[in-house]
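A short write-up of the structure that comes next.
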Amino acid sequence: MLHPSITFDKVTLNDNVSLVRVIRAVFDEYQAPKQGTVYSDPAINDLYELFKTPKSVLWVAKVDGEVVGCCGVYPTPNLPKTCAELVKFYLAAETRGKGIGKELMRRSILSAKEFGYNQLYLESIPAFSKAISIYQRLGFFMLDKPMGASGHNACNIWMLKELD
């Protein structure tokens with residue numbers, strides 16, 4: 001059971017600045033590429049506005065009211081209409097291993113199903129190998145080439161999950 005001081009809600013306007021800080025901290029921690037990834041994507045600065053898009057959601061985890069992570073689904077351009085992208089799965093280092101990421105992922109997958117998606121696609125980079133192994137345990141499998149048009153050209157790992 002998760003600690004009662006942990007909450008999960010849809011992104012709000014007040015979360016924007018904290019989300020940028022959490023996401024960029026993960027990139028810094030893993031010395032991940034900044035260009036061609038979400039790190040340098042201008043949309044990162046207003047995730048609240050981005051996730052007003054129909055059939056999208058960004059779940060935000062907070063501990064004692066402080067943003068510690070996020071994960072969501074988004075209808076990335078050029079994906080099949082029955083497929084969404086799993087996006088923005090990031091957790092602050094000090095909160096990993098407490099079930100927060102698992103709950104963010106559970107909510108995102110459930111949301112994708114509720115929106116009527118049959119598949120979830122994701123893109124990643126080798127620096128995030130720990131996350132990639134989590135994706136594989138959740139039923140994501142590797143693809144040979146990208147789907148959709150995320151604009152994140154530094155991502156060279158592409159995965160897909162069939163939703164039940």
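Just so you know, all these numbers are worked out from the coordinates, no wet-lab data involved. Since the model is a prediction, treat every value here as computed from it, not as a measurement. Don't worry about glycine lacking a Cβ; one is built from the backbone with ideal geometry, like all the others, and counts go over all protein chains shown.
Structure notes:
- Fewest-first ranking of Met142, Met159, using other Cβ atoms within 10 Å as the exposure measure: Met142, Met159
- Estimated Rh, the chain: Kirkwood, alpha-carbon pairs, angstrom: 15.8 Å
- Gap separating the Cα centres of the range 34-57 and the range 6-25, nearest whole Å: 12 Å
- Nearby lysines by direct alpha-carbon distance to Lys34 (threshold 28 angstrom, same-chain neighbours under 8 apart not counted): Lys10, Lys52, Lys55, Lys62, Lys88, Lys98, Lys102, Lys130, Lys145, Lys161
- GNM flexibility winner over the chain from Val11, Val63, Val73 (Cα, springs under 10 Å): Val63
- Summed side-chain charge close to Asn156 - residues other than Asn156 whose Cβ falls under 12 Å, Lys, Arg +1, Asp, Glu -1: -1
- Options Gln35, Val73, Ala112, ranked by Cα towards positive dipole end of the chain, top entry (Cβ charges): Ala112
- Size of charge dipole - the range 60-139 - debye, nearest 20, with Cβ of Lys, Arg +1 and Asp, Glu -1, no other charges: 220 debye
- Cut-off 12 Å between beta-carbons: net charge of the residues surrounding Ala61, Lys and Arg +1, Asp and Glu -1: +3
- Magnitude of the charge dipole, the range 6-162, Cβ model with Lys/Arg +1 and Asp/Glu -1, debye to 20: 360 debye
- Comparing Cys155, Asn16, Gly139 along the charge dipole axis of the range 6-162, the residue lying farthest to the positive side is Gly139, per the Cβ-charge model.
- Sum of side-chain charges, Leu50 neighbourhood, beta-carbon under 11 Å (Lys, Arg +1; Asp, Glu -1): -1
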